[in-house]
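One structure is given below, encoded as structure tokens.
The values are calculated or read from the model by the stated rules, or taken from the named source; none is laboratory data. Source: prediction; values computed, not measured. Note that we place each Cβ from the backbone using ideal geometry, even for glycine, and neighbour counts take in every protein chain shown.
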Amino acid sequence: MQKLWWQDEGIRAWAWRAWRYYSWRPGYQFRLSVAEATAYVDMQNKVVVCNPQRPLPPAKYLSGVRHLPAGGERGFQLAYLESLIAHEAGHTQFTDTDSLPPGLLGQLVNIIEDERMERLMVQDFPKLAPLLTMAGDADAAHWIDRQGAGGDVIGGCLLWRFTWNHPVWAYKPDGPDAHLWPQVKEILEVAWTAPHYDDVVLSARRILALTGRDHEEQRPELSDFCDGEALMLNGGEERGKTRQDGAEGDGAGQQGKRGQPAAGQQEQEDGEDESGTRTDDGAARDEGEGERTRFGPGSGGQDAPQRPTPEQPPTAQSEALKVQTLGDARRLAAALRVPCDPDSVRPSRDRGRFRYDRYVAGSERPFDRRMGGGSPGETHLRLAVDISASMVQGGRITQARRMAFTVVQAAQMAGIAVLAVAFDERVQSLVEPSARPQNALNAVAALNVRGDTCLSPALRALWTPELSGQSVTLIITDGQLSAGDYAACGTLKAAHSGAVVPILLGTDVARPAYERAFGVCVQMDDPAQLTNHVIAFLRAWQARLWR
């Protein structure tokens, strides 16, 4: 079964490092799971769970989300996950309780405490401000989409937490208790700056008494925005026991032992014992007993761990091309793997007893020894794709896109590093060797025509990086280059030691100049046979290489 993007080892290791940076609670059991609407922290059982799959806000509200990161849905989800991690870490630093009151009171306390605690976290980690603003705007967009910008003042407490400084969105009281909003708002904003958690509880009781909702039960519409009743509304022991069972399907199997990283998380750092506590100076950072210690900025390191690049979901173009090119990619992958010599049998004196008399008489009978052919060695692939305006003629850009997609997909199947650029008069980086597979395929599938043609800068960019192993370069162009560009390409080709597979999508008119620069080329006469020609070219090159 295919892993979800957040189950990638790099993502999970980063999330663990982020938790340690913001909380400095290495003794906590940290997990990613979609079983929670957002997240929760169980400070009694030392468990924190975050949902990495928060959906993007609805498109009509997306423009109102400030500090929205690049990277589409995955970029947003990764940034939102970091905000959740920092948020739950803040509870362990500033929320002096292991459980919340029951009913609506507990939800309102959670709403107020979330804002109070986040403001304290921003004092310690100033760079968190835009991240928490982004998360608040995203939550506000979801709330407004579901409930609207009005409603009673209890829902208003939540929406005002998200939008108190938003330039456009704001809570607009229109319920039966709308006349109470000025008083509720004053109590709410004072509680946000309260020095202690107990002040938050008192403020929540005042608001409920003012609105006549002292004994109401929890409201389901608030649950998705109260970090999963993060502080154990239903009792810490019972919920902690459930989570340790690994009962929620996708979370099971990802947790580590108490005080140790889960799978994909970092091992204990220097100076830590197996319990996850600091052993330097004989002091434990995370005993969980007595008064919690407040740590200053950068307690888990000088800078927050840099977010990794997540695997993007496949685009529609990428999915369509994958279906069309899968067979060709499999055949090309086999051709890209450099073959190794077969095992052979050679005469050897390594076994048995040497007979000098038989050796002198020329009748020695050496034993047969089987010799391995050796490993084939490393190969890497470099690809340059022409996206100049002339490629639109005769559907050349379609064939170039398809061929480039086939090549990148084949390299991924063969386990070969790929470096790819697209070029017109400028050079566009397309695929880096470290790129995630789906991100690389999406980039190739999105290729489209731009300006004029200039190949030599692309070759310089392609051949400058040092990569290990034999180099195979594929150049896909229509050959409509200037004389100076052809001369520069010829000079670069002469200095390059690897194999070059020049693919010409143009007419016979461009072929002589193209072959003077690059040697015999693969010309597209029949698009359906293009992959076959490239495979034949690679086979011939390998035969010369291993002859």
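Annotations
- Pairing residues of region 198-221 that are assigned by TED's automatic domain parsing to the domain that holds D98 with residues that are of a type outside the set (V, I, T) and loosely packed, with under 14 Cβ neighbours inside 10 Å, at Cβ distances under 7 Å and at least 6 apart in sequence or on separate chains, gives L208/D214.
- Number of residues in region 177-200 that are more than 39 Å from the chain's Cα centre (by Cα) and assigned to a helix (DSSP H, G or I) equals 13.
- A residue that is on the phi < 0 side of the Ramachandran plot and in a loop (DSSP other than H, G, I, E, B) can be found somewhere in region 481-488.
- Sole exception among (1) loosely packed, with under 15 Cβ neighbours inside 10 Å; (2) among the charged types (D, E, K, R); (3) part of a helix (DSSP H, G or I) for D174, by number: (3)
- Residue in region 54-75 that is more than 21 Å from the chain's Cα centre (by Cα), within 18 Å of P305 (Cβ to Cβ) and at pLDDT 90 or above present: no
- The lone exception for G395 - which of (1) modelled with pLDDT under 90; (2) closer than 14 Å to V472 by Cα; (3) among the small types (G, A, S); (4) assigned to a helix (DSSP H, G or I) it fails: (2)
- Some residue of region 379-391 being part of a loop (DSSP other than H, G, I, E, B) and buried (at least 17 other Cβ atoms within 10 Å of the Cβ): yes
- Candidates L131, L210: the one that is surrounded by 18 or more Cβ atoms within 10 Å (Cβ to Cβ) and either over 16 Å from N110 (Cα atoms) or under 39 Å from the mean Cα position of the chain (by Cα) (or both) is L131.
- Helices (runs of 4 or more DSSP H) (entirely within region 1-104) containing at least 3 residues that are assigned by TED's automatic domain parsing to the domain that holds A191 and not hydrophobic (A, V, I, L, M, F, W, C): 9-23, 72-94
- Answer from L78, L84 - the residue that is more than 24 Å from I112 (Cβ to Cβ) and either surrounded by fewer than 19 Cβ atoms within 10 Å (Cβ to Cβ) or of a type outside the set (V, I, T) (or both): L78
- Candidate set from region 30-41 (those that are crowded, with 24+ Cβ neighbours inside 10 Å and not hydrophobic (A, V, I, L, M, F, W, C)); member that is farthest from I111 (Cα to Cα): R31
- Selection count, region 123-152, where residues are in a loop (DSSP other than H, G, I, E, B) and not small (G, A, S): 4
- With respect to the conditions (1) surrounded by 22 or more Cβ atoms within 10 Å (Cβ to Cβ); (2) modelled with pLDDT of 95 or more; (3) not basic (K, R), N110 falls short on a single one, namely (2).
- Only one of the numbered conditions (1) buried (at least 18 other Cβ atoms within 10 Å of the Cβ); (2) at pLDDT 90 or above is not met by A461, and that is (1).
- Assessment of region 44-61 against the conditions (of a type outside the set (K, R), crowded, with 23+ Cβ neighbours inside 10 Å, in contact with a Leu (Cβ under 7 Å, 6 or more places away or on another chain) and within 28 Å of E189 (Cα to Cα)) yields at least one matching residue.
- Restricting attention to region 447-477, the residues that are more than 28 Å from the chain's Cα centre (by Cα) and part of a loop (DSSP other than H, G, I, E, B) add up to 7.
- Options G498, G484: the member that is over 19 Å from V431 (Cβ atoms) and either surrounded by fewer than 18 Cβ atoms within 10 Å (Cβ to Cβ) or touching a strand residue (DSSP E or B) at 6+ places or on another chain (Cβ under 9 Å) (or both): G484
- Identity of the residue in region 473-482, of a type in the set (A, V, I, L, M, F, W, C) and modelled with pLDDT of 90 or more, that ends up farthest from D386 (Cα to Cα): L474
- Region 521-547 - residue that is exposed (fewer than 12 other Cβ atoms within 10 Å of the Cβ) and within 20 Å of Q399 (Cβ to Cβ) and, of those, modelled with the highest pLDDT: A528
- Residues of region 169-179 include at least one that is touching a residue at least 40 places away in the same chain (Cβ under 8 Å) and either in the same structural domain as M43 (by TED's automatic domain parsing) or touching a strand residue (DSSP E or B) at 6+ places or on another chain (Cβ under 7 Å) (or both).
Residues are listed down the side, and each one gets a yes or a no for (1) over 15 Å from V472 (Cα atoms); (2) modelled with pLDDT under 90:
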residue: G373; (1), (2): yes, yes
residue: P376; (1), (2): no, yes
residue: L383; (1), (2): no, no
residue: V407; (1), (2): no, no
residue: Q412; (1), (2): no, no
residue: E425; (1), (2): yes, yes
residue: N439; (1), (2): yes, no
